[in-house]
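Here the structure comes first, spelled out in structure tokens, and everything after it is commentary.
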Amino acid sequence: MSEPVRRPIRANEPTNRLIPSERFAARTAGMTASEIRALFAVASRPEVVSLAGGMPNLAALPLPALAEEVADLVARDGQVALQYGSAQGTPELREQICEVMAVEGIRADPNDVVVTVGSQMALDLVTRIYCDPGDVVVAEGPSYVGALGSFAAYQARVVHVAMDEHGLVPTLLRETLSALATRGVTPKFLYTIPNFHNPAGVTMAVERRSEVLQICAEYGVAVVEDNPYGLLGFTGRVYPALRSLDRDVIYLGSFSKTFASGLRVGWALVPPAVRDRLVLAAESATLCPPSFTQMLVSRYLAGHDWRSQIKTFAEAYRERRDAMLRALETHLPPGCTWNVPDGGFYVWLTVPDGVDTKAMLPRAVTARVAYASGTGFYADGFGSRQLRLSYCYPTPERITEGVRRLAAVLESELDVIRTFGSPSRPNLGPAPARNGPQTPSPHTP
Ligand SMILES: Cc1ncc(COP(=O)(O)O)c(C=O)c1O
């Protein structure tokens, strides 16, 4: 049989070489834009009060002093700062990172620190080296949307374990691991955010920490501790990191919330047996983290009082948290509950039965307030009665106004539901009488 005659194709002639459905890897099917990112364009219009994003508030940074550091860094050390560097990160910064982690009781060797482009990259790399398609990761429900994105990108399946006001519930963790074990499944790791959780705002009780570690050890499950907010508490209390209790914990840290998110400097502290693999994965992703931003962070840590800068940040966040809590108490309709975070950026709000926070979002944005609906923080579609409010970025006045607008949207939503019923619960009766700060809604997968 003779070959069909192929006519020559010009270089820029359209072909089907890039047609997504045929050519993209199967794992890209799990890569969806997070609801928050999808919202970003609308939510960042000036007339909209955005309580959606988790952007740190950088107003308190000493910008003139930093400008001098940047100029001096280029003038004195430009040949190194503008050059490739080590895949693991600069030795000086890795030493300083160990000093930062010591505040939370961690004793670490700089050789076990791998500097990454934000802790998001560390999350991605850890998932990359542990997860094959179909592997199970256990995570709190709700959990950090960026982590869920990484797990989805590597086709890992997420099994959620509920929290209460003291964080991850150990008995539920044990039940979940036991149920998985009876099906012959050992999760690759537990992913947990013990301090000032994103999005739930809660902190894992100190008494629970060793219990959680013990349960994971019993079931042979590794622990990944993600801790970008740990130093941003409002009471002065610093909680012991899980890694301070168990050297096998993989710990992820970041300068995004305690210094400057735009520099994209984070890290992983890993047991020596994991380090080489992680460095190889890092090398294949970026060759090396940027020398420039690492050296800038090093100068900042060496030359500035970073501890008191963190206190200044925490004070600003506490003031904003208070404004949000006052506004919630004052304006929200009955039947809403929320937690009282003692650090970090977020309040997790449960709305009355019948309200769907995802469906309500376009109406909220029309009313010039944005939030992150709860479904984005679960891998299993749960969370339609929840939403996350961030108080980190807007001024206290804007926060108050944003909550007032949100309350009005909720009121009209409830009016409609009372009149016509809701898709999930037709003809909702009278609204529940009580509202106020409470625990995050428990969720059992
Ligand atoms: C829980 C959690 N982990 C990781 C990250 C990523 O932080 P980074 O800026 O260091 O990549 C965030 C950012 O919001 C976060 O909330």
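Within the bounds of region 288-306, is there any residue that is assigned to a helix (DSSP H, G or I), open to solvent by less than 20 Å² (accessible area, probe 1.4 Å), touching an Asp or Glu at 6+ places or on another chain (Cβ under 7 Å) and polar (S, T, N, Q)?
Looking through region 288-306, at least one residue is assigned to a helix (DSSP H, G or I), open to solvent by less than 20 Å² (accessible area, probe 1.4 Å), touching an Asp or Glu at 6+ places or on another chain (Cβ under 7 Å) and polar (S, T, N, Q).
Evaluate region 170-181: report whether one residue or more is touching a residue at least 40 places away in the same chain (Cβ under 8 Å), closer than 19 Å to SER210 by Cβ and within 16 Å of the ligand (Cβ to nearest atom).
No, because not a single residue in region 170-181 is touching a residue at least 40 places away in the same chain (Cβ under 8 Å), closer than 19 Å to SER210 by Cβ and within 16 Å of the ligand (Cβ to nearest atom).
Pull up region 355-365, narrow it to residues that are of a type outside the set (S, T, N, Q) and open to solvent by less than 10 Å² (accessible area, probe 1.4 Å), then point me to the one that is nearest to ALA41 (Cα to Cα).
Checked region 355-365; the qualifying residue nearest to ALA41 (Cα to Cα) is ALA364.
Select, from SER422, SER441, the only residue that is modelled with pLDDT under 95, assigned to a loop (DSSP other than H, G, I, E, B) and under 23 Å from the mean Cα position of the chain (by Cα).
Selected residue: SER441, the only one of SER422, SER441 that is modelled with pLDDT under 95, assigned to a loop (DSSP other than H, G, I, E, B) and under 23 Å from the mean Cα position of the chain (by Cα).
Which of the residues that make up region 182-222 are touching a helix residue (DSSP H, G or I) at 6+ places or on another chain (Cβ under 6 Å), open to solvent by 10 Å² or more (accessible area, probe 1.4 Å) and either of a type in the set (Phe, Trp, Tyr) or assigned to a strand (DSSP E or B) (or both)?
TYR219
When you check GLY141 against the structure, is it touching a His at 6+ places or on another chain (Cβ under 6 Å) and either open to solvent by 20 Å² or more (accessible area, probe 1.4 Å) or of a type outside the set (S, T, N, Q) (or both), yes or no?
So GLY141 passes the test.
In region 270-277, is there at least one residue being within 10 Å of the ligand (Cβ to nearest atom) and either under 16 Å from the mean Cα position of the chain (by Cα) or open to solvent by less than 40 Å² (accessible area, probe 1.4 Å) (or both)?
Among the residues of region 270-277, not one is within 10 Å of the ligand (Cβ to nearest atom) and either under 16 Å from the mean Cα position of the chain (by Cα) or open to solvent by less than 40 Å² (accessible area, probe 1.4 Å) (or both), which makes the answer no.
Does region 105-113 contain at least one residue that is open to solvent by 10 Å² or more (accessible area, probe 1.4 Å), over 17 Å from the mean Cα position of the chain (by Cα) and under 20 Å from HIS197 (Cα atoms)?
yes
Kindly evaluate ALA81 against the criterion of being within 25 Å of GLY220 (Cβ to Cβ), over 23 Å from the mean Cα position of the chain (by Cα), away from the ligand (no atom under 16 Å from the Cβ) and open to solvent by less than 40 Å² (accessible area, probe 1.4 Å).
no
Applying the selection to region 270-287, what residues are β-branched (Val, Ile, Thr) and either modelled with pLDDT under 95 or assigned to a helix (DSSP H, G or I) (or both)?
Those that are β-branched (Val, Ile, Thr) and either modelled with pLDDT under 95 or assigned to a helix (DSSP H, G or I) (or both): VAL274, VAL279, THR286.
When you check GLU315 against the structure, is it touching a residue at least 60 places away in the same chain (Cβ under 8 Å) and among the charged types (D, E, K, R), yes or no?
No.
Give the residues of region 227-269 that are within 16 Å of the ligand (Cβ to nearest atom), in a loop (DSSP other than H, G, I, E, B) and aliphatic (A, V, I, L, M), sorted by residue number.
LEU231, LEU232, ALA241, VAL249, VAL265
Residue under question is LEU125, and the condition is that it be more than 30 Å from ARG321 (Cα to Cα), within 15 Å of the ligand (Cβ to nearest atom) and either hydrophobic (A, V, I, L, M, F, W, C) or more than 23 Å from the chain's Cα centre (by Cα) (or both); does it hold?
yes
Considering each of THR312, THR395, THR330, THR337 in turn, give the residue that is among the β-branched types (Val, Ile, Thr), modelled with pLDDT of 95 or more and crowded, with 17+ Cβ neighbours inside 10 Å.
THR337
Restrict the check to region 144-163 and report whether at least one residue is open to solvent by 10 Å² or more (accessible area, probe 1.4 Å), more than 19 Å from GLN214 (Cβ to Cβ), more than 21 Å from the chain's Cα centre (by Cα) and of a type outside the set (S, T, N, Q).
Within region 144-163 (the criterion being open to solvent by 10 Å² or more (accessible area, probe 1.4 Å), more than 19 Å from GLN214 (Cβ to Cβ), more than 21 Å from the chain's Cα centre (by Cα) and of a type outside the set (S, T, N, Q)), the answer is no, since none of the residues qualifies.
Can you name the condition, by its number, that LEU213 falls short on among (1) more than 16 Å from the ligand (Cβ to nearest atom); (2) among the aliphatic types (A, V, I, L, M); (3) more than 20 Å from ARG243 (Cβ to Cβ)?
For LEU213, the failing item is (3).
Name the pairs whose Cβ atoms lie under 7 Å apart, with the first residue in region 192-210 and more than 16 Å from the ligand (Cβ to nearest atom), the second among the aromatic types (Phe, Trp, Tyr), and 6 or more positions between them or separate chains?
Qualifying pairs under 7 Å: VAL206/TYR239.
The values are calculated or read from the model by the stated rules, or taken from the named source; none is laboratory data. No experiment lies behind these values; they were computed from the predicted model shown. We place every Cβ from the backbone using ideal geometry, glycine too, and count neighbours over all the protein chains shown. Keep in mind that these areas ignore ligands, DNA and RNA; they rest on the heavy atoms of the full protein, side chains included. Shrake-Rupley method; radii C 1.70, N 1.55, O 1.52, S 1.80 Å.
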